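The values are calculated or read from the model by the stated rules, or taken from the named source; none is laboratory data. Not measured: the values here are computed from a predicted model. Because the Cβ atoms are built from the backbone with ideal geometry, glycine has one as well, and the counts that use them run over all protein chains shown.
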Amino acid sequence: MANLSFSEKKRLETFLDMGGGYVLNFSNNTLQRFVHDAIGIDIYNAKYDNGGTTSKANRIRGVWDKETDYQVGLLIEAFTKYWCEFIGGSQISNEQYDLLKNCEALAHKLKSESLGAQIQVIQATSDDINFHKLAKQVREAIEKNEPETALDRLHTYTVKFVRELCDKHGIAYDKDKPLHSFFGEYVKHLSKSGLIKSVMTERILKTAISNLEAFNDVRNNQSFAHDNSILNYHESLLIFRSISSIVEFINSIEEPADKAAKSAQTKPSEDDLPF
């Protein structure tokens, strides 16, 4: 259920012109397609029945009641973009403008304060098609608020992510060794390269090595990697947050270095100067 206050719902209903059961200028079919494109659900699924009525407005209310903050935030964001392109036009009143900005801010709040804010961290870092598919599977499970079903895919994603880091920096590793072993080699590289600046950061990353060792056991014995009883929701969520924070931090180190290297490669040499 999305975390929407009574006043926030009222503003949304006014913005979407939901009086009389309508939603903006959508028909049943166009609303169904629009919502599916925005968040991948069928708004006419019985799940979104709201008080037994079938109006478009009640279907949207059903989404608010059944989906996560992140999903509802994405949908509100899609509605604001649609409104700007097809409804508002070039001249809108101050009242309409304020309402639009309120809804845009609400969409941002719902997305940023939810687990979804961490979802976008899980991205492929190469052109490997399988890596892209893998990252997408993890994101989709989290978007559905089912982190426990994503644990085995998250483990595989982390293995590929760390191996690509090692390949990138010429760090030798044995592919038969577990995840935490070659992550440890990468942490040593960060320390020797001076890419981390505090003892505490290094200690946190070394703690992550032991956490990844425990993740191997979770993957083998508490995920869908095998015929297991899977780990409970809240512990799965904690694991996802821990892994995504590691990935996010590593990206914050790697991306500036990548940009600097790319800039150096494209900078013209003295031989290229036109004089």
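Annotations for the structure displayed:
- For the range 84-95, the candidate set comprises residues that are surrounded by fewer than 16 Cβ atoms within 10 Å (Cβ to Cβ) and in a helix (DSSP H, G or I); within that set, the residue that is modelled with the lowest pLDDT is 88.
- Any hit, the range 109-130, residues being surrounded by 15 or more Cβ atoms within 10 Å (Cβ to Cβ), part of a helix (DSSP H, G or I) and in contact with a Ser or Thr (Cβ under 6 Å, 6 or more places away or on another chain): yes
- Members of the range 39-65 that are of a type in the set (D, E, K, R) and farther than 20 Å from residue 103 by Cβ: 42, 47, 49
- Counted residues, the range 165-177 - those being surrounded by 15 or more Cβ atoms within 10 Å (Cβ to Cβ) and within 26 Å of residue 218 (Cα to Cα): 3
- The listed residue being charged (D, E, K, R), within 16 Å of residue 68 (Cα to Cα), part of a helix (DSSP H, G or I) and in the same structural domain as residue 216 (by TED's automatic domain parsing), out of 139, 153: 139
Yes/no matrix, rows are residues, columns are (1) part of a loop (DSSP other than H, G, I, E, B); (2) in contact (Cβ under 8 Å) with a residue 12 or more places away in the chain; (3) closer than 19 Å to residue 183 by Cβ; (4) over 24 Å from the mean Cα position of the chain (by Cα):
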| position | (1), (2), (3), (4) |
| --- | --- |
| 201 | no, no, yes, yes |
| 204 | no, no, yes, no |
| 209 | no, yes, yes, no |
| 213 | no, yes, yes, yes |
| 216 | no, yes, yes, no |
| 223 | yes, yes, yes, no |
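- So residue 161, is it of a type in the set (A, V, I, L, M, F, W, C) and under 30 Å from residue 69 (Cα atoms): yes
- Options 95, 85, 104; residue that is touching a residue at least 12 places away in the same chain (Cβ under 8 Å) and not aliphatic (A, V, I, L, M): 104
- Residue 37 vs. criteria among the acidic types (Asp, Glu) and either assigned to a helix (DSSP H, G or I) or in contact (Cβ under 8 Å) with a residue 12 or more places away in the chain (or both): yes
- The single residue among 12, 24, 31 that is closer than 20 Å to residue 110 by Cα and either at pLDDT 95 or above or surrounded by fewer than 15 Cβ atoms within 10 Å (Cβ to Cβ) (or both) turns out to be 12.
- The number of residues in the range 55-72 being without any contact (Cβ under 8 Å) to a residue 60 or more places away in the chain and not aliphatic (A, V, I, L, M) comes to 6.
- Enumeration of residues in the range 156-199 that are of a type outside the set (Lys, Arg) and assigned to a loop (DSSP other than H, G, I, E, B): 169, 170, 171, 172, 173, 174, 176, 178, 194, 195, 196, 198
- Which numbered condition residue 114 fails, given (1) under 18 Å from residue 142 (Cα atoms); (2) modelled with pLDDT of 95 or more: (2)
- Checking residue 50 against (1) at pLDDT below 95; (2) within 24 Å of the chain's Cα centre (by Cα), the condition it does not meet: (2)
- Residue in the range 187-200 that is touching a Leu at 6+ places or on another chain (Cβ under 9 Å), modelled with pLDDT under 95, within 15 Å of residue 153 (Cα to Cα) and surrounded by fewer than 18 Cβ atoms within 10 Å (Cβ to Cβ) present: no
- Pairs, first in a loop (DSSP other than H, G, I, E, B) in the range 227-248, second loosely packed, with under 14 Cβ neighbours inside 10 Å, C-beta under 6 Å, six or more apart: 228/221
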